[in-house]
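A.B. asks: One structure is given below, represented as structure tokens, and several questions about it will come after.
The values are calculated or read from the model by the stated rules, or taken from the named source; none is laboratory data. Since this is a predicted model, take the numbers as computed values, not measurements. Note: ideal-geometry Cβ built from the backbone for every residue, glycine included; neighbour counts use all protein chains shown. These area figures cover heavy atoms from the full protein model, side chains too; ligands, DNA and RNA do not enter into them. Shrake-Rupley method; radii C 1.70, N 1.55, O 1.52, S 1.80 Å.
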Amino acid sequence: MKNKVATLADIEKLEQVPIEERVVADNTYDMIRHGASIDPQSPALSFFMDGAAYKESETYSYAEFLGEVTRAANMFHALGIGSNDVISYLLPNLPQTHFVLWGGQAAGIVNPINPLLEARTIQEICEHAKTKILVALGNVPGSDIWDKVEQIRDQLPELKAIVRVMGSSEKAAGIYDYEETVKMYNTASLDSNRKIRPDDFASIYHTGGTTGTPKLVPHTHFNEVAMAAMVVPTWTELQAGDTFMCGLPLFHVNGAVVTGSIPLSIGAHMLLLGSKGYRDPGVIQNFSQIVEHYRGVFFSAVPTVLSMLLGALDKAADISSLKFLLCGAAPLSIQLFEKFEEQTGMRIIEGFGQTEGTCGSILNPVDGEHKVGSIGLRLPYQQAKICILDHEGHFVRDAEVDEIGSLCIKGPNVFSGYVEERHNQNVWPQPGWFNTGDMGRQDQDGYFWLTGRSKELIIRGGHNIDPASIEVAAMAIEGVELAAAVGQPDAHAGEVPAVFVQLREGGQISSEEILSTLAEQIGERAAVPKQVFILEQLPLTAVGKLFKPKMRWLAIEDVYSKALESVTKKVGLLTVSVGEDSVHGTLATISLNLPAGEDIAEVNRQIDELLAPYMIRHTVKIADQT
């Protein structure tokens, strides 16, 4: 019987055993071997391709799963991969993805890449990671992955081979059919005879974001096995044989760790919810039946997914096997939280984590008090504190109880620095302590509360406004599903608050009504939004996080379009498009047609004059009239 972990004192008691004695192995390959030794014939991985046909699945026992991981490692070794070489992959959620992820770590370093990124961004990630082998889905209907591979393959100087999953070989071109090639290798042991060290790099994950080049975060083998060892003692109800359902992508640490390495370390059963995960409408529609059929015990999701699952809940299905779920990445409204728990009978565990901390750092205790709105207590062995920093990110002092400051973390799961040194500036306020970029406070019981992102603060005439204060008030309005506050350019104050809102299904509330309600509910006058944008769906990253940069860009587009109305009347057609820029950070592109007789220099002068009060850089593009 495991001891329940309910308080900070329980966590401190767990820490009396050193983390080195708590990990089941000091590298991910031996961690999987440990999980397989518990019951080699028990199911390790099940998979169905399509949520509409969820009963048509294939299952690998632990013995088979370990064998596939081993032969993948041997294939990579034979293709020239050493311990410091990088294997990147562009794959949906498939059994082969797991074999490449873990087999690649046994041979070298694995770099999972979001296949939804633009080809140019994928190329830049591979260049910075120094990709030697690229594993990618073949030319499969409905997927553009292979098209992207074709665009970048000749632009990668370090690339030696491409392994194509669900596709044929072209060995003269250095392309190998995964299914055909991997069968040539043994499943019993590593041909390399490699002794994997705990400080060897296992993986390089990229941080979230849909434009620009994401930052690359390397994890050691010990980072990854420690992460599992930090979580498992706190989830006392989960055990070998339980089914962990994975609907988040395997290019992201949540999918790979929470529903990957953690169940593998205890001999539990992983269920891949189709190749598209939660993006498959069949998975959402049939989720209750999937739980009933596979006796799902646990899953991880983001608030947007929970909202969809709640709408598709089948009350006739037996979902009593579910114990709890992990929810993070975005604020969870109290209404959604209470409604989901009430209708499903399971507990929602809110938490906080980052790629830089391997995955998780702070969670509400499964067995303890759940303070709704709090991200919870630090995990065992995870040092976490609120720091007061100066304007350059340097440490000044530790914060007092309930004093807002910067959330910083340190521990065996925390990475040692980004691949590119330029990203490591001003993120380490003290040796080993990483500044997460989140603002928060810690209460007297040790629970942490996020108050916003430091770089997301809205600065109105020198007055700092926490967007969370607006978002909480907006999400409390009846009919509002999601809300995100951002800074909108203002000619006088520099920027003012604007709020983007996604309504619940059937919601009829207007932007004027929302503004009126917020004016009443938000006590700080400067924090009352100047504008409300109602969108059918708020912009999200590939893993379901609210993508605030896009909302900032939309707000800028609105302001600049209104500021340029006089020019629009003169030229007839003018559009504003805002996006990320590698030099200026953000750039507004003004595109227009120049009517005959109009002086281009005069039009540019008018645009410059009208946009002079704003800080966002702009450029003008004249449409070709020929």
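A.B. asks: Take Ile11 and decide whether it is aliphatic (A, V, I, L, M) and open to solvent by 40 Å² or more (accessible area, probe 1.4 Å).
C.D. replies: no
A.B. asks: Applying the selection to the stretch 155-183, what residues are part of a helix (DSSP H, G or I) and either within 14 Å of Arg71 (Cβ to Cβ) or of a type outside the set (A, V, I, L, M) (or both)?
C.D. replies: Those that are part of a helix (DSSP H, G or I) and either within 14 Å of Arg71 (Cβ to Cβ) or of a type outside the set (A, V, I, L, M) (or both): Gln155, Lys171, Tyr178, Glu179, Glu180, Thr181, Val182.
A.B. asks: Name the residue, out of Val559, Val528, Val532, that is crowded, with 19+ Cβ neighbours inside 10 Å, of a type in the set (A, V, I, L, M) and under 30 Å from Asn593 (Cβ atoms).
C.D. replies: Going through Val559, Val528, Val532 in turn, just one is crowded, with 19+ Cβ neighbours inside 10 Å, of a type in the set (A, V, I, L, M) and under 30 Å from Asn593 (Cβ atoms): Val559.
A.B. asks: Scanning for something within 22 Å of Lys276 (Cα to Cα), touching a Pro at 6+ places or on another chain (Cβ under 7 Å) and assigned to a strand (DSSP E or B), does the stretch 89-103 turn up at least one residue?
C.D. replies: yes
A.B. asks: Additional query: Answer yes or no as to whether Thr187 is farther than 29 Å from Glu20 by Cβ, among the hydroxyl-bearing types (Ser, Thr, Tyr) and in a helix (DSSP H, G or I).
C.D. replies: When the stated conditions are applied, Thr187 does not pass them.
A.B. asks: Does the stretch 34-43 contain any residue that is touching a Pro at 6+ places or on another chain (Cβ under 6 Å) and either over 14 Å from Gln105 (Cα atoms) or in a loop (DSSP other than H, G, I, E, B) (or both)?
C.D. replies: No: the stretch 34-43 contains no residue that is touching a Pro at 6+ places or on another chain (Cβ under 6 Å) and either over 14 Å from Gln105 (Cα atoms) or in a loop (DSSP other than H, G, I, E, B) (or both).
A.B. asks: Please give the number of the condition Thr586 fails out of (1) in contact with a helix residue (DSSP H, G or I) (Cβ under 8 Å, 6 or more places away or on another chain); (2) free of Cβ contacts under 8 Å to residues at least 24 places away in the same chain; (3) not small (Gly, Ala, Ser).
C.D. replies: (2)
A.B. asks: Within the stretch 572-597, which residues are surrounded by fewer than 19 Cβ atoms within 10 Å (Cβ to Cβ) and at pLDDT 85 or above?
C.D. replies: Gly572, Leu573, Thr575, Ser577, Gly579, Leu587, Thr589, Ser591, Asn593, Leu594, Pro595 - these are the residues of the stretch 572-597 that are surrounded by fewer than 19 Cβ atoms within 10 Å (Cβ to Cβ) and at pLDDT 85 or above.
Condition check ((1) touching a Phe, Trp or Tyr at 6+ places or on another chain (Cβ under 6 Å); (2) in a loop (DSSP other than H, G, I, E, B); (3) at pLDDT 95 or above; (4) exposed (fewer than 15 other Cβ atoms within 10 Å of the Cβ)) across all residues:
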{"position": "Glu403", "(1), (2), (3), (4)": "no, yes, no, yes"}
{"position": "Leu407", "(1), (2), (3), (4)": "no, no, yes, no"}
{"position": "Tyr418", "(1), (2), (3), (4)": "no, yes, yes, no"}
{"position": "Asn426", "(1), (2), (3), (4)": "no, yes, no, yes"}
{"position": "Gly440", "(1), (2), (3), (4)": "yes, no, no, no"}
{"position": "Trp449", "(1), (2), (3), (4)": "no, no, no, no"}
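A.B. asks: Moving on. What helices (runs of 4 or more DSSP H) lie completely within the stretch 245-362 and have 1 or more residues being crowded, with 20+ Cβ neighbours inside 10 Å, of a type in the set (S, T, N, Q) and in contact with a Cys (Cβ under 9 Å, 6 or more places away or on another chain)?
C.D. replies: By residue number, no helices (runs of 4 or more DSSP H) qualify.
A.B. asks: With (1) modelled with pLDDT under 95; (2) crowded, with 17+ Cβ neighbours inside 10 Å; (3) of a type in the set (Lys, Arg) as the list, and Lys2 as the residue in question, which single condition is left unmet?
C.D. replies: For Lys2, the exception is condition (2).
A.B. asks: On to the next question. Checking the conditions here, which among Gly597, Gly544 is at positive phi, touching a residue at least 24 places away in the same chain (Cβ under 8 Å) and either part of a helix (DSSP H, G or I) or not polar (S, T, N, Q) (or both)?
C.D. replies: Gly544
A.B. asks: Can you find a residue in the stretch 146-154 that is open to solvent by less than 50 Å² (accessible area, probe 1.4 Å) and not in a helix (DSSP H, G or I)?
C.D. replies: no
A.B. asks: If you check every pair at least six apart or on different chains, which have Cβ atoms under 6 Å apart with a residue in the stretch 51-77 that is closer than 26 Å to His293 by Cβ and open to solvent by 30 Å² or more (accessible area, probe 1.4 Å) first and a residue that is part of a loop (DSSP other than H, G, I, E, B) and at pLDDT 95 or above second?
C.D. replies: Tyr54/Asn286; Ala63/Pro40
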